[in-house]
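Report on one structure; see the data block that follows.
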Amino acid sequence: MKLLEVNTLALEQFVTRFGGVFEHSPWVAREAWKRRPFDSLDALFRSMSDAVRDAPEARQLCLIRAHPELAGREAARGGLTADSSSEQARLGFLSLDRSHLEQMNELNRTYRQRFGIPCIVALKLHASSASVMAEMQRRLGNTVQAERAAALQQINPIARGRLEKIVRRN
């Protein structure tokens, strides 16, 4: 889809097309639509990320909690979105051996107990599942406030990658 087409979409069409860019959070697309027209892919992404930044903390927390755990329950049940499934599969999180799956389950459990949210890692910034697991382990030392900020920071490259799959640069 070209940017010119993006700018002509009615609200519901826009939300249908871009509502999944930020995991299970169509409100981001609704807010971004109000900021049209977009003169570039960067401007569209900025509008979406600004909507998240400007949202009340409770809404940001809902966005964070909408993300699945890596190799977690949603993956085991086949309940990941197509984007999440593709992102996790690229680094092998959907086909971990038993030992690594147990290690991931323990990291997920510990992380969720400590912070009350899933650990969000922008997988596109990593080359291996081992790198991601080391990042998760490192982040267990963060404060709750620092980790919520880290989660929001990690969401941006995830969303940017998803957006780039939808909108072609003009």
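Considering Arg112, Arg30, which residue is surrounded by fewer than 16 Cβ atoms within 10 Å (Cβ to Cβ) and in a helix (DSSP H, G or I)?
Selected residue: Arg112, the only one of Arg112, Arg30 that is surrounded by fewer than 16 Cβ atoms within 10 Å (Cβ to Cβ) and in a helix (DSSP H, G or I).
Return yes when Val121 is assigned by TED's automatic domain parsing to the domain that holds Ser95, within 27 Å of Ser99 (Cβ to Cβ) and touching a residue at least 60 places away in the same chain (Cβ under 8 Å) and no when it is not.
Spelling it out, it is not the case that Val121 is assigned by TED's automatic domain parsing to the domain that holds Ser95, within 27 Å of Ser99 (Cβ to Cβ) and touching a residue at least 60 places away in the same chain (Cβ under 8 Å).
Listed residues Leu70, Leu63; which is crowded, with 18+ Cβ neighbours inside 10 Å, closer than 21 Å to Ala29 by Cα and not basic (Lys, Arg)?
Exactly one of Leu70, Leu63 is crowded, with 18+ Cβ neighbours inside 10 Å, closer than 21 Å to Ala29 by Cα and not basic (Lys, Arg), namely Leu63.
Test Ala134 against the criterion of being assigned to a loop (DSSP other than H, G, I, E, B) and either touching a residue at least 40 places away in the same chain (Cβ under 8 Å) or surrounded by fewer than 17 Cβ atoms within 10 Å (Cβ to Cβ) (or both), and give yes or no.
In short, no.
Taking the condition hydrophobic (A, V, I, L, M, F, W, C), outside the structural domain of Arg17 (by TED's automatic domain parsing) and either touching a Pro at 6+ places or on another chain (Cβ under 8 Å) or touching a residue at least 60 places away in the same chain (Cβ under 8 Å) (or both), does Ala82 pass?
So Ala82 does not fit the description; no.
For segment 138-170, which residues satisfy the criterion of being among the β-branched types (Val, Ile, Thr) and part of a helix (DSSP H, G or I)?
Of everything in segment 138-170, those that are among the β-branched types (Val, Ile, Thr) and part of a helix (DSSP H, G or I) turn out to be Val144, Ile155, Ile158, Ile166.
Are any of the residues in segment 5-26 more than 16 Å from Leu163 (Cβ to Cβ) and in contact with a Ser or Thr (Cβ under 9 Å, 6 or more places away or on another chain)?
No, there is no match, as no residue in segment 5-26 is more than 16 Å from Leu163 (Cβ to Cβ) and in contact with a Ser or Thr (Cβ under 9 Å, 6 or more places away or on another chain).
Can Ser95 be described as hydroxyl-bearing (Ser, Thr, Tyr) and under 20 Å from the mean Cα position of the chain (by Cα)?
When the stated conditions are applied, Ser95 does not pass them.
Name every residue in segment 33-65 that is polar (S, T, N, Q) and not in a helix (DSSP H, G or I), in order of residue number.
Ser40
The values are calculated or read from the model by the stated rules, or taken from the named source; none is laboratory data. Source: prediction; values computed, not measured. Quick reminder, even Gly has a Cβ in these numbers, built from the backbone with ideal geometry, and neighbours come from all protein chains shown.
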